[in-house]
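First up is the structure itself, then whatever we jot down about it.
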Amino acid sequence: MTTEIGRINPEQLHPTPGYHHITVVEAGRTAYLAGQCPLDRSGTLVGPGDLDAQIGQVVANALVALAAVGAGPAQVVRSVIYVVSDDVTVLEATWHRLTGSAIGPAFTTASTLLGVVRLGFPGQLVEVDLTAALPARAAETAERDL
């Protein structure tokens, strides 16, 4: 069984800057990734005060996390982006940087962008929360075919 992911923008809702209002998944499994933070492998914050550097690390971490479950950005069905800012220009720049990155396809699905006061690690400026649809495992597929 393959994973089928449908993305919908009803005509009655406002146009979007690249994401879809609704994502429908016909899948066997779902992976819920913890918020991907701008920490390196040792747990050190990357780019204190540098949003662009932090976005780069979040992208790298998200790719590793997705690959660990056999997925890529195209299998993401929900994303939430948290940015420590209430400045619309900063929020828009973050959106454009992420959508133009290696995980850009993840944000064509149901997505939310939030400006927040603070995130979990001191100096952290950005975090990305992703949910991915995965195909059923071979045993699950065989069981359904019986």
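The values are calculated or read from the model by the stated rules, or taken from the named source; none is laboratory data. Keep in mind that this is a model prediction, so the values were computed, not measured. Cβ: placed from backbone, ideal geometry, glycine included. Neighbour counts: every protein chain shown. We work out accessible area using only protein heavy atoms, side chains counted, and drop any ligands, DNA or RNA first. Shrake-Rupley method; radii C 1.70, N 1.55, O 1.52, S 1.80 Å.
Would any residue of the range 12-42 have its amide N under 13 Å from a label point 7 Å out along Cα→Cβ of L134? List them or say none.
28-34
What does the helix-only formula give at 222 nm for the chain: each DSSP H stretch with n ≥ 4 adding -39500 (n - 2.57), the total divided by the residues, and the result rounded to the nearest 500 deg cm²/dmol?
Working: 3 runs with 38 residues, N = 146.
One gets -8000 deg cm²/dmol as the mean residue ellipticity at 222 nm.
Return the FRET efficiency for the residue pair T16, A67: r is the Cβ-Cβ distance, R0 is 30 Å, and the value is rounded to the nearest 0.05. Before the final figure, lay out each step's value.
Details: r = 27 Å, r/R0 = 0.91.
Efficiency, rounded to the nearest 0.05: 0.65.
Taking all protein chains as present, what is the carbon and sulfur share of the accessible area of the chain, in % to the nearest whole number, probe 1.4 Å? Write out the running numbers ahead of the final one.
Working: 4480 of 7940 Å².
Using a 1.4 Å probe with all protein chains present, the chain comes out at 56 percent carbon and sulfur.
Would you mind giving the average projected area, over all directions, of the Cα convex hull of the range 56-110 in nm² with one decimal? List each step's numbers first, then the result.
Working: hull surface 14.9 nm².
Across all orientations, the range 56-110 yields a mean hull projection of 3.7 nm².
In debye to the nearest 20, how big a dipole does the range 18-146 give about its Cα centre with +1 on each Lys and Arg Cβ and -1 on each Asp and Glu Cβ?
Values: 7 positive and 12 negative charges, 44 e Å.
About 220 debye.
Is the C-alpha gyration tensor of the chain telling us rounded, prolate or oblate? Criteria: a/c under 1.5 is rounded; beyond that, a/b larger than b/c is prolate, otherwise oblate.
Details: a/c = 2.79, a/b = 1.45, b/c = 1.93.
The shape class here is oblate.
Which loop-located trypsin sites (Lys or Arg not before Pro) does the range 6-110 contain, where loop means any DSSP state but H, G, I, E or B and the Cβ has at most 16 other Cβ atoms within 10 Å? Write down the numbers at each step before the final one.
Values: sites: R7, R29, R41, R78, R97; in loops: R41.
Here the trypsin sites (Lys or Arg not before Pro) that fit, given the DSSP loop and packing criteria, are R41.
As I understand it, the dipole of the chain uses +1 on the Cβ of Lys and Arg and -1 on the Cβ of Asp and Glu, about the Cα centre. Which of G115, L63, I81 lies farthest toward its positive end?
L63
Below 8 Å between Cα atoms, with a sequence gap of 6+, how large is the relative contact order for the chain in percent? Please list the in-between numbers first.
On the way: 286 pairs, mean separation 51.5, N = 146.
Relative contact order, the chain: 35 percent.
Can you work out the accessible area per residue across the chain, with the rest of the protein chains kept in place, probe 1.4 Å, in square angstrom? Let's see the in-between values first.
Details: 7940 Å² over 146 residues.
Result: 54 Å² per residue.
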